[in-house]
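Peer 1: Have a look at this one.
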């Protein structure tokens, strides 16, 4: 017991020393940072030959080659990147397939990827060509993706006594449970994000005696980037 008290006293002493040393260290660090800051400011106006040479080389590169960027000290030709993107999109316009919900999800990811590419290379001379190709891809495959969603939903929901119909870009779910406004709201909230991604304009919920429609977007067209 006496040893424990002695140990406790020893630990208290050590902790007090640590706190004291900590305060002193903080003061010293503050002084060092202050003088380093002042020293760096005094020397900030002095030009470094190495930095100047790098800046000159960078300027020459920018002036001579307007379609390159640097990444990790490597020169990247953005013209070639955009050209390859255009070729890839054009190839997908001819050969892309959407047969399942997994294919539909992959298509939506591809749309997001293409829109990111357009944002990244908006200043490139090939931007307009790339944008035109992406719009063609979207215009061709959004209707197919919506059809797959409709067919898969219809095939699955019949077990829940829900019928699904589609006319243009309006999709309607019909079932006795949609006589309840709470069920309509809950179902709509779960579907809204997916329906917007698929560029549906309206969604309806019918109990068989009346239909409640929601306008998802009046500008959600297939050719919108």
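What follows is calculated from the coordinates using simple rules that are stated; it is not laboratory data. Worth saying up front: this structure is predicted, and the values here are computed from it rather than measured. Using ideal geometry, Cβ is built from the backbone for each residue, glycine included, and neighbour counts are taken over all protein chains shown.
Peer 1: Using 1/(1 + (r/R0)^6) with R0 = 30 angstrom and r between the beta carbons of residue 77 and residue 147, what's the FRET efficiency to the nearest 0.05?
Peer 2: FRET efficiency, residue 77 to residue 147: 0.15.
Peer 1: Looking at the range 157-215, send over the antiparallel percent of its DSSP beta bridges, to the nearest 5.
Peer 2: 65
Peer 1: Distance in nm between label sites at residue 196 and residue 91, each 7 Å beyond Cα in the beta-carbon direction?
Peer 2: 3.4
Peer 1: Also, quick follow-up: If you take the square roots of the eigenvalues of the alpha-carbon gyration tensor of the range 74-225 and sort them as a ≥ b ≥ c, do you get rounded (a/c under 1.5), prolate (a/b over b/c) or oblate?
Peer 2: Prolate shape, in that a/c is at least 1.5 and a/b is the bigger ratio.
Peer 1: Another question, if that's okay. Across bins of 10 angstrom width beginning at 0, how are the C-alpha pair distances of the range 157-215 distributed, in whole percent?
Peer 2: Result, from short to long distances: 24, 60, 16 percent.
Peer 1: Report the extension gain between residue 115 and residue 217 in nm, rounded to one decimal, defined as 0.36 nm multiplied by the number of residues separating them, less their alpha carbon distance.
Peer 2: Here the answer is 34.8 nm.
Peer 1: Using 7 Å Cα-to-Cβ label points, what is the residue 101/residue 161 separation (nm, one decimal)?
Peer 2: 2.2
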